[in-house]
Each structure stands twice: as C-alpha cells, then as structure tokens.
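I have placed the structure first, in the form of structure tokens, so that the comments after it can refer back to it.
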Amino acid sequence: MRKTAPRVLSKHLTALALVWTLLILPVAGFGQTRVSMPRNKYKVADDIKLGRDASRQVEQQMPVLNDAAATRYVQEVGRRLVDAIPPEFQQTQFEYTFQIINARDINAFALPGGPMYVNRGMIEAAKNEGEMAGVMAHEISHVALRHATAQATKQSNPLNQILGGVAILGGAILGGQTGAVLGQSIYKGVFVNPYSREYETQADILGSQIMARAGYDPRDLANMFQTIASQGGSRSPEWLSSHPDPGNRFNNINREAGLLRVSPEPIKITQGFLNTKRRFQGMQRAQSMEEIARNPQNNRGGQQGQTVNGRYETRVQTPSSRYRTYSSGSQISLSVPENWGTVSETETQVWLAPEGAYGSSGITHGAMIGVAQSNGDLSQATQSYVEGLLQSNDYLQQQNNYSRTTLAGRSGLATVLSGRSPVTGRTEIVTIYTTALRNGYLFYAITVVPQNEAATYDYAFRNMLRSLRLNA
C-alpha cells in the first residue's frame, strides 16, 4: 500500500494540473477572440479617397469645434488607440485624424481611411476617459477592418453609391433619424444600409482588444453603450435599427474583456479628461444635430455652430458712405460700411452685416470672410468649397464658370451663385472670391445681397475687396 501511494498522489496532482490548465486556457491557450478581415474587392486607395472627399464636406457643413486644447486632447487619445491596432489590421496608408463636432448628441463617426469626428456631447456624457476611448476604439475598428468598402463588396454596390452614406457607414454611434438627417445634409438623395450585425460584433471585439492594448478597460466600452441606449429614450429603437445591437452587446464585450490582458490599473480619470470637460462647461450650449441640419448656414466655414442672435427685417439700411476697418490681428484687414456690425465671429469665419440682415439662418445682406482647409491647389480647393456651399444651401445654383481675379494682390478665383432665398423670398446673389494663403489654407470672401438691391451694394462690396489686406 505504501508503494502505491505516490502513484495515487501523482494521479491526483496530474488531475489537478489538468483542471488548472482548463481554467487558464481561455487566457493562456485560446486567448482573445479571433477577428478576420472581411472580403473586399476595393483597393485601400478607394477607402482613402472616400474618406478624404467626405471629410471635406463634413468640415464645410458641420460645426467643427475650434478649441485647440480640447482637440489636442482627443488627438492624443486617438493616437494612443491607433498605435494599439493589432499589426495585422494596420494600414500604413491610412491617416487617422481626430476632430470634435460641436453638437450635444452622444455621437461619433469615422470615415474610410481614418478621419474621425467625436461629438462634444459624447465626451460630456462619458464618465471617464475609458468610456470616451471605447467609442473611439469601436470607430477605429470599423476603419481598420475597412467595413464601408467591405459592405459595398457584399452588396455589390459601386463606390458612388456608398459615398452618400459614409457619415453613417463610418460607424455613427447615434444613428436613427438624427444620423440619417446628418448623412443627408452632407450627401442628398442616397440611401445606404447601416452596418450589419456581423460588422458591429467585429467592431465591438476588435475595439475591446485595441482598448486593452492601449491601457484601457474594455468594460468601459460596454458601459458607454448602456449610457447611449439609456439616453436614447423613445428613440432607442431607431438607434438600434441604424447601429444594430448584434445581440447581448454588453455581456459580449465584458466576456471579451475577460479573455484579454487588461491592466490592473487601467486609464480612467485623467487630467486631460477633466480639463476638457471643464472647458466645455464654460462654453455656450451646443446645438443638436437636428438643429445643425435645419440651420446649415450656421456651419459655413467650420463655425462652432452657435445660434446668432439677430432678426430679419423687410427693410435693411443701405450701406453707409462712411467706413470702418475690420481686422483680425495683423493677418486680415478690410474696410466695411460703418453701419455693418461684426455679428458672428469664430476662429475661421466672420459675418459682417447691417441690422435686420442676420439671424439663425445666415445673412441676407453683407459679407462673410474666412478660411477653409485646402490641398494646396487653388482651383480644386475652391471647387470643393463651393460644392459644399451648394449642398448646404440647396436653393442656390452656380451661374457661371470660375473667373480669374485678383484678391489682396494675389491670384484668385470668383464665381456667382443665385437662387430664391428661403428667408426673404427674393432672388439672392452670392458672389464668392477665393485665394490661397501662405500656410496652405483657402481664404474666401463672400458677398450676399438680394438681386433687386445689388446696385445699391455694389460700391460697398468693391470698396471692401479693394481694401482687403492679407498677411498670411
């Protein structure tokens, strides 16, 4: 009996070791859930082109927040997540960029090739940096897995059909009617289905893996989805229909977190997160996406989307014969009639108009000057900007080809738009002048006036353009 005891003990130890091995296999053996790249008949370059084209429209028509500190913070978080994308899903040609949309909805969307936009409302709703990073990781996963062009492959859609839906196909978290309105405000007349539940599952799983690799706890992504669903109220079913829950999403993400090596002290509350939330508290309340879609003129040139306090009157004062100088630091100066006020001013655009000529739908008499992003080519940048303006203001039509002009001593382009104004009910003449700045941005000056008053404003507009000085 004594001789056989060691054998019995050995068997017990072997059995115990087997049980222990089975217990740890999910982490040490099987590890994280495998994610496979979907079939895709399109080139990586197609994703990049789609994203670039769409981002130009987004930034012309959506109120991109002009706050350097908040944007820098979101970019830092985004870069940490991008660096954590598993090597097999890294696309060296993709350029991930991160900007904040000044809208109060809990939302975020990413475009093919890398451009991402995070709503201010999403950051305000997040309880910690991990929740915000979780949404961003989910969106990054849609981009890394090339879901937009993969879905087009699955549906046998040509690229021009998916172009209309990239704002939603890019992974808009909010979705529903608000998401549809947003997409249609950028690209009209195109319907595209939301991501499949399969792709949503992939984005949840890969997003969880990216989070863990970046030092976050994937459970924060699960918590954020619960926050989104709970705040949807009666619109929750719409959110689910446009951004479908693949089934038991909260539990599935938590289960994946259990398969991952999560830091014992994951990133939660950071100084950057607290500082950014404080900055938002000191800002004017942001509009909803529906309000933004209803008032597209408020977003021209990347404004912060604030509502302009003014009113529209049937009779507007004619331009004064006396002038004042408007200047923006030492970079821009020009002469405007003395009775034109500076009625809206952001880091990228200013409205100059008389009383009774401005309000929440833009200006009816006066001028706008500002800067927009450019690829360095004046003709292409001008055409892109004008196309965005036409899409935002569908009552306008371009009346002529671009003509050469001189603006502040520089080569420039000009074109005329016109159409029946929804504010005045009269035909409106909108003339756009553009030139390139040394920093690569596009400078534009826009004059607006009802056609039957154009002669009265002609001298004021010409004097404004003659007096323009640019030091940028």
- Item | Whole-Hz ³J(HN,Hα) from phi, Karplus 6.51 cos²θ - 1.76 cosθ + 1.60, for region 117-124, glycine and proline x | 10, 10, 5, 4, x, 5, 5, 5
- Note on the structure: Simple SL model, points at 7 angstrom along Cα→Cβ for ASN471 and SER403; separation in nm is 3.2
- Message: Calculate the FRET efficiency for ALA229 and LEU390 from the Cβ-Cβ distance with a Förster distance of 45 Å, rounded to the nearest 0.05.
- Response: 0.75
- Task: Take THR415, THR406 and sort them by solvent-accessible surface of the protein heavy atoms, 1.4 Å probe, largest at the top.
- Result: THR406, THR415
- Under 18 Å from the Cα of LYS268, which aspartates and glutamates turn up, not counting those fewer than eight places away in the same chain? GLU76, GLU124, GLU129, GLU131, ASP217, ASP220
- Query: For LYS277, LYS268, what's the largest-to-smallest order of accessible area, 1.4 Å probe?
  - Reply: LYS268, LYS277
- Between ASN375 and ARG261, take the C-beta separation as r, use R0 = 51 Å, and let me know the FRET efficiency to the nearest 0.05. 0.75
- Message: Quick check on region 308-364: take the gyration tensor over C-alpha atoms, sort the square-rooted eigenvalues as a ≥ b ≥ c, and tell me if it's rounded (a/c under 1.5), prolate or oblate.
- Response: oblate
- Spin-label model distance (nm) - ILE269 vs ALA68, 7 Å beyond Cα toward Cβ: 2.9
- Taking 0.36 nm per residue of separation between LYS154 and ALA454 and subtracting their Cα-Cα distance, the length gained on full extension comes to 102.7 nm
- Message: What distance in nm separates the two pseudo spin-label positions at THR342 and VAL416, each 7 Å out from Cα along the beta-carbon direction?
- Response: 3.1
- Heads up, I need the accessible area for GLU291: 1.4 angstrom probe, whole protein in place, Å², nearest 10. 50
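The values are calculated or read from the model by the stated rules, or taken from the named source; none is laboratory data. Everything numeric here is computed off the predicted structure, so don't read it as measured data. No Cβ is skipped: glycine too gets one built from the backbone with ideal geometry, and neighbour counts run over all protein chains shown. The protein model used for the area step is the full one, side chains on, heavy atoms only, and it has no ligands, DNA or RNA in it. Shrake-Rupley method; radii C 1.70, N 1.55, O 1.52, S 1.80 Å.
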